[in-house]
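This report concerns only the one structure given below.
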């Protein structure tokens, strides 16, 4: 028995099996192509969603960087303002101390013969707060 005679003997049986499987095979190919198309649509949708999310993420990162620089600038401004307030407070404390010292002075009972500035310690202390240019004006 050679190969050709063997194929002729199997051919009618093979055609019968093929005719029985053929509709299912066509259905499987059509179903597979539909599934392939549906997966492609899903992948395209997910890729566009990913691109959109990456864009949103970059916008958020840029906004965060801008907010960080704004926060740093505000912290520096608060620090400068606190330093300025501390210096003003120190200056005010010194002025209050000086005014208390001046208030604690008492006028002498007997005045100097000249009756000038040197005779009154209160006037002398008040005048010492200003420089010569202020006294002339």
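The values are calculated or read from the model by the stated rules, or taken from the named source; none is laboratory data. Just so we're clear, the structure is a prediction, and the values are computed from it rather than from any experiment. All Cβ positions, glycine included, derive from the backbone under ideal geometry; neighbour counts span all protein chains shown.
Things worth noting here:
- The single residue among 10, 102 that is part of a helix (DSSP H, G or I), touching a helix residue (DSSP H, G or I) at 6+ places or on another chain (Cβ under 8 Å), surrounded by 10 or more Cβ atoms within 10 Å (Cβ to Cβ) and at pLDDT below 90 turns out to be 102.
- Hey, residue 48 surrounded by fewer than 10 Cβ atoms within 10 Å (Cβ to Cβ) and either part of a helix (DSSP H, G or I) or touching a helix residue (DSSP H, G or I) at 6+ places or on another chain (Cβ under 6 Å) (or both) or not: no
- Condition met for residue 34 (over 59 Å from the mean Cα position of the chain (by Cα), surrounded by 10 or more Cβ atoms within 10 Å (Cβ to Cβ), without any contact (Cβ under 8 Å) to a residue 40 or more places away in the chain and part of a helix (DSSP H, G or I)): no
- Test: residue in segment 70-80 that is assigned to a helix (DSSP H, G or I), under 30 Å from residue 129 (Cβ atoms) and either modelled with pLDDT under 95 or under 38 Å from the mean Cα position of the chain (by Cα) (or both): yes
- Qualifying position, being at pLDDT below 95 and in a helix (DSSP H, G or I), among 53, 135, 42: 135
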